[in-house]
Amino acid sequence: MNNVTILNHILVPLDGSRLAECVLPHAAALARAFGARITLLRVVAQAHATNRGQTVDPLRWHMRKTEAESYLDSVATRLREAELQVDKVMLEGEAANNVIAFAHEHDVDLVLLSSHGQSGLSKWNISSIVQKIILRAYMPVMIVRAYRPPPDDLTGLHYKRVLVPLDGSQRAECVLPLAAQLVSFHDAQLLLAHAVRKPEMPRHTPLTEEETELAERIGEYNRLEAEKYLKGLQERLECNVEAHLLDSKDTAAALHDLIQEKEVELVALSAHGYTSTSRWPYGSIALNFIAYGTTPLLVMQDMSAEELEQTQAELATKETKGH
């Protein structure tokens with residue numbers, strides 16, 4: 001494809017935990033592929049008195065900030081030794097809001113997040129802080145699963161298979177330039193997947209012979225169009241491409257099965273497809289992979305905050321602040 005997505009600035013929030021550091025090999029792999037700079041961000045929660053009448057211990061607070069700065073220095077040194085361009089920033093306050101504000105104010109192209117951090121692993125697929133960031137950032141984000149051990153060598157990660165789910169819409173293709181450049185750099189394989197679902201015809205009674213025949217004709221037409229669509233993409237993309245046409249009643253389940261079968265190492269997709277609306281920041285497939293995915297996930301946000309409808313919670317918060 002001629003239009004190449006440029007990834008110039010990657011934001012990597014860290015909280016000092018080993019779990020959060022699972023993102024570092026991915027940060028290196030992306031930065032090398034796009035010549036991007038990395039900003040390491042550490043947000044230190046503001047100290048509060050533990051009991052009524054007590055004041056914050058300034059010495060302890062100073063020690064916390066010093067330890068956080070020392071930690072960022074050590075991580076930045078490791079990345080610079082890998083010949084990467086790295087900046088480091090420390091902020092005070094609430095983690096999610098500070099990450100989002102920094103990303104918007106400093107021309108960040110991608111926020112790279114560990115699914116879990118200082119609070120430890122949980123039964124939830126992502127932590128509450130990660131959930132807040134991805135729902136309110138309105139920009140490309142990548143989630144790395146902290147329960148998967150990263151390679152010891154920061155530069156040892158080389159993607160072999162990257163999956164891009166597509167539904168035939170232009171908005172779903174917004175991630176293709178980035179994915180194509182990434183797989184070309186890593187000499188990897190780009191897997192394109194398109195699911196063809198049988199037409200749904202809900203009835204209280206069994207379908208008639210005529211209705212069944214109609215559903216089959218529509219399904220076959222959709223399959224032929226999908227084959228032409230994938231073949232056209234293969235011819236346009238200048239990288240190693242393998243196309244998969246999936247027949248399934250459940251698109252998400254078919255994609256998860258393909259990921260397991262092909263040992264996919266990264267899923268890259270658009271936040272919305274052709275059926276999505278502007279009511280929510282993510283469509284059903286993107287939400288499914290955020291909630292249930294097991295591989296690193298890169299989601300390109302194709303809509304801005306201005307295009308999306310505000311939630312009742314957002315509107316209520318603004319009204320409260322106005323009084």
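The values are calculated or read from the model by the stated rules, or taken from the named source; none is laboratory data. Keep in mind that what you see is a predicted model, and the values were worked out from it rather than measured. Glycine also receives a Cβ, built like all others from the backbone with ideal geometry; neighbour counts cover every protein chain displayed. Surface accessibility is based on the protein's heavy atoms, side chains included, excluding ligands, DNA and RNA. Shrake-Rupley method; radii C 1.70, N 1.55, O 1.52, S 1.80 Å.
Overview of results
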| read-out | value |
| --- | --- |
| The chain: antiparallel DSSP beta bridges as a percent of all, rounded to 5 | 5 |
| Approximate shape of region 175-214 as ellipsoid semi-axes (Cα gyration tensor, √5λ), whole Å, largest first | 44, 9, 7 |
| Helix-only mean residue ellipticity at 222 nm for the chain, each DSSP H run of n ≥ 4 adding -39500 (n - 2.57), per residue, nearest 500 | -12500 deg cm²/dmol |
| Å³ per residue enclosed by the Cα convex hull of region 106-195 | 156 |
| Total lysine pairs under 25 Å (Cα atoms) in the chain, excluding pairs fewer than 8 apart on one chain | 17 |
| Only Lys, Arg (+1) and Asp, Glu (-1) charged, at Cβ; region 159-287 dipole about Cα centre in debye | 440 |
| Carbon + sulfur, % of accessible area of region 136-221 - ligands and nucleic acids excluded, 1.4 Å | 51 |
| Relative packing of 187-195, 105-113, which averages over residues the other C-beta atoms within 10 Å, highest first | 187-195, 105-113 |
| Heavy-atom accessible area per residue - region 86-219, 1.4 Å, Å² | 53 |
| Sparse-neighbour loop sites [GluC sites (Glu not before Pro); region 157-229; at most 12 other C-beta within 10 Å; DSSP] | 200 |
| Low-density loop cleavage sites - trypsin sites (Lys or Arg not before Pro) in region 212-282, where at most 15 other Cβ are within 10 Å (DSSP) | 249, 279 |
| Within the chain: Cβ-based charge dipole about Cα centre, in debye rounded to nearest 20 (Lys, Arg +1; Asp, Glu -1) | 1000 |
| Rg in Å to one decimal, and Dmax rounded to a whole Å, for region 246-323 via C-alpha atoms | 16.2, 56 |
| Of all accessible heavy-atom area on region 272-323, the percent that carbon and sulfur account for (1.4 Å) | 56 |
| For peptides 12-25, 146-159, 305-318, sequence by mean Cβ density within 10 Å, most packed first | 12-25, 146-159, 305-318 |
| Region 172-323 shape via C-alpha gyration tensor axes, a/c threshold 1.5 | oblate |
| Gain in span if fully extended, residue 107 to residue 152, counting 0.36 nm per residue against the direct Cα distance | 13.2 nm |
| Degrees, to the nearest 10: 312-321 long Cα axis against longest axis of the chain | 30 |
| Cα long-axis angle, helix 176-185 against the chain (0 to 90 degrees, to the nearest 10) | 70 |
| The chain: Cα Rg divided by the 2.2 N^0.38 Å rule of thumb | 1.13 |
